[in-house]
Every structure is written in C-alpha cells, then in structure tokens.
Amino acid sequence: FNWSGNPKKEHLFKVLVIGDLGVGKTSFIKRYVHQFFSVHYRATIGVDFALKVINWDEDTLIRLQLWDIAGQERFGNMTRVYYKEAVAAMIVFDCTRQSTFDAILTWKNDLDSKVLLPNGEPVPCLLLSNKCDEPKDGNLSNPSFLDSFCKQEGFIGWFDTSAKHNINVSESATFLVKHILETT
Ligand code: GTP
Ligand code: MG
C-alpha cells in the first residue's frame, strides 16, 4: 500500500538472459540479485531462475523473473519452452571474444522465431557487452559500431557491463524495465 492507502500496482515480468557459453549471464544475474561475484566458472545446465523484486515507485512493485538460460542450449531443443511468455530479453556477449558477438544474431533469430509479444511484436531485446573490465576484441571497442548494429538488428540499445566490477548492471536492468513499462 502506498502513502494514500491505495494498493500498489504489481507486475510480474519474465525476462530471458541468453547468449553464448561463458559470457557471464549467470554472473550478471548473481551480481544484480545477490550482490555477489565469483571468478569460478560453473556452466549452467538447462535453465536457472532468479527473482528481483523492485520497488519501482510509490505505486508500483515489479517482480522481475530472470530466466538464466545455459549457453549450451543454443545446441539444444528446449528454447521454445523456455522462451514462452517472455516479455523481454537480454542478449549477452563477452567483449573479449568476437565469436560470442558473432553468435548474437543466432540467438536473436532463435528468439524471434519462437516467441512474440501478445500484440504480435517481437520481444524487446537489450544487448549487453559484458566483461568491459577487460581489454576488448577488435570492433567491439567501437561504440558507434554497436550503435548502428543495434539500430539495424532491432535491439532497443546496448550497455557495456561488468558483473565483476558491478558496472551498469542495475542500470541496464532498469533501462529494460522502463522500456517494458512504456510499451505494455
Ligand atoms: P553458461 O552458463 O555456460 O552459459 O555461462 P554464463 O554466461 O552463465 O557465464 P558465467 O556467468 O558462468 O561466467 C563465465 C566466466 O566469466 C566466469 O569465470 C566468471 O567469473 C567470468 N565473468 C563473468 N562476468 C565477468 C565480468 O564482468 N568480468 C570478468 N573479467 N569476468 C567475468
Ligand atoms: Mg550460466
């Protein structure tokens, strides 16, 4: 209840976090939800879940249900099931490894071919260039390259992020939630 005694509006948003093996999807979510980071890599098997409760404003409570999908699932046949009823996605690459950027469009095409919003539009996608605390591979250090890539491929935007150093983690999530709220 807010100060004037009215019940808060509550939203449940299912958000997918996808991208290749080892790009830092689980680390990003752990940082965002549990303020925790580990250098040890344990590949996700299938899918993991995390819930972030956001007191968005006086009238609005948001439950962000994050679906942490294993990079390995690019080669599996379960993604259609995992994507069901998602309202947004973060597609993550590792800016130190060009090959993980090259896989972005494979992930986006997989997503767009398997799930749509109730209004028939594609699910809004935010691009995350993770591990920005490390030196970047080739073109991936060029912001205007990423700007035009996002425009051309229909991403709502991109962020440099570091799960390790906690750079732009909550900022990028907030940007995505704002977009969801404005378009639903
Ligand atoms: P899968 O579950 O196999 O799909 O991988 P993932 O995308 O969940 O990657 P994960 O979060 O497990 O991270 C892989 C490795 O990258 C781990 O060793 C992390 O410590 C490291 N890592 C993740 N984020 C960052 C970051 O922002 N900076 C640096 N330097 N390392 C990171
Ligand atoms: Mg993982």
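The values are calculated or read from the model by the stated rules, or taken from the named source; none is laboratory data. Keep in mind it's a predicted model, so treat the numbers as computed, not measured. Every residue, glycine as well, gets a Cβ built from its backbone with ideal geometry; the counts of neighbours run over all protein chains shown. Side chains included, ligands, DNA and RNA excluded: accessible areas come from the protein's heavy atoms. Shrake-Rupley method; radii C 1.70, N 1.55, O 1.52, S 1.80 Å.
Here is how the numbers come out for the structure above:
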| quantity | calculated |
| --- | --- |
| Karplus 3J(HN,Hα) series, Hz, for the stretch 102-118 with 6.51 cos²θ - 1.76 cosθ + 1.60 (x for Gly, Pro) | 4, 7, 3, 6, 4, 5, 5, 5, 4, 4, 5, 7, 10, 8, 9, 5, x |
| Per-residue ³J(HN,Hα) for the stretch 22-34, Karplus 6.51 cos²θ - 1.76 cosθ + 1.60, θ = phi - 60°, Hz, x for Gly and Pro | x, 6, x, 4, 5, 5, 4, 5, 4, 5, 5, 8, 10 |
| Estimated 222 nm signal from helices in the chain, with DSSP H stretches of n ≥ 4 weighted -39500 (n - 2.57), rounded to 500 | -9000 deg cm²/dmol |
| Residues whose placed amide H lies under 5 Å from that of residue 137, excluding near-sequence neighbours | 96, 97 |
| Accessible-area order (highest first, 1.4 angstrom probe) of the listed residues 177, 39 | 39, 177 |
| Sequence-distant residues sharing a close amide H with residue 117 (under 5 Å, placed H) | 123 |
| Rounded if a/c under 1.5, otherwise prolate or oblate - the stretch 15-86, Cα gyration tensor axes | oblate |
| Sequence-separation-based contact order of the stretch 132-181, relative, with Cα cut under 8 Å and 6+ spacing, percent | 26 |
| ³J(HN,Hα) computed for each position of the stretch 157-171 - Karplus, 6.51 cos²θ - 1.76 cosθ + 1.60, integer Hz, glycine/proline x | x, 8, 9, 6, 10, 9, 5, 5, 9, 6, 9, 6, 6, 6, 4 |
| Förster-model FRET efficiency, 30 Å R0, residue 77 and residue 116, C-beta, rounded to 0.05 | 0.95 |
| Computed magnitude of the charge dipole of the chain (debye, nearest 20; Cβ of K, R +1, Cβ of D, E -1) | 420 |
| The stretch 1-107: GluC sites (Glu not before Pro) falling in loop per DSSP and having at most 14 other Cβ within 10 Å | 58, 85 |
| Gap separating the Cα centres of the stretch 55-121 and the stretch 22-52, nearest whole Å | 15 |
| Assigned charges on the beta-carbon of Lys, Arg, Asp, Glu; the stretch 32-72 dipole about Cα centre (debye) | 280 |
| Long-range amide H partners of residue 88 with built H, under 5 Å | 16 |
| Count of lysine pairs in the chain with Cα separation under 18 Å (8 or more residues apart, or interchain) | 25 |
| Helix axis angle, 143-153 relative to the chain longest principal axis, alpha carbon, degrees | 70 |
| Loop-located chymotrypsin sites (Phe, Trp or Tyr not before Pro) in the stretch 88-184 whose Cβ has at most 10 other Cβ within 10 Å (DSSP) | none |
